[in-house]
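What follows is one structure encoded as structure tokens, with my remarks underneath.
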């Protein structure tokens, strides 16, 4: 089973990489960009898991390793 985990910073958390990207885009002529927030994407393949078990395992992975839940949110998409 294939899944995608998207990790983003929570609102209100400073994002220096996003600000740097925003500035670089402005320098490249994309002045209409108001803001950029960066994040991470993890593509995970699970062997032999049903949908509910897969979601449970992926949530555990996020809570223990993939996301810093103090400052980050995560979303799970399962194919």
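Could you tell me how many of the residues in region 62-79 are over 24 Å from residue 12 (Cβ atoms) and within 13 Å of the chain's Cα centre (by Cα)?
1
In region 39-55, which residues are over 12 Å from residue 77 (Cβ atoms) and part of a strand (DSSP E or B)?
39, 40, 45
Specify the residue that is farthest from the chain's Cα centre (by Cα); the eligible residues are those in region 1-54 that are surrounded by 14 or more Cβ atoms within 10 Å (Cβ to Cβ) and in contact (Cβ under 8 Å) with a residue 60 or more places away in the chain.
1
Could you please find all residues in region 56-70 being touching a strand residue (DSSP E or B) at 6+ places or on another chain (Cβ under 6 Å) and either within 14 Å of residue 1 (Cβ to Cβ) or not in a helix (DSSP H, G or I) (or both)?
Answer for region 56-70, where residues must be touching a strand residue (DSSP E or B) at 6+ places or on another chain (Cβ under 6 Å) and either within 14 Å of residue 1 (Cβ to Cβ) or not in a helix (DSSP H, G or I) (or both): 58, 67.
Since every read-out is calculated from the coordinates, none of them should be taken as a lab result. Nothing here was measured: the structure is a model prediction, and the numbers come from that model. Cβ coordinates were reconstructed from backbone atoms using ideal geometry, including for glycine residues, and neighbour counts include every protein chain displayed.
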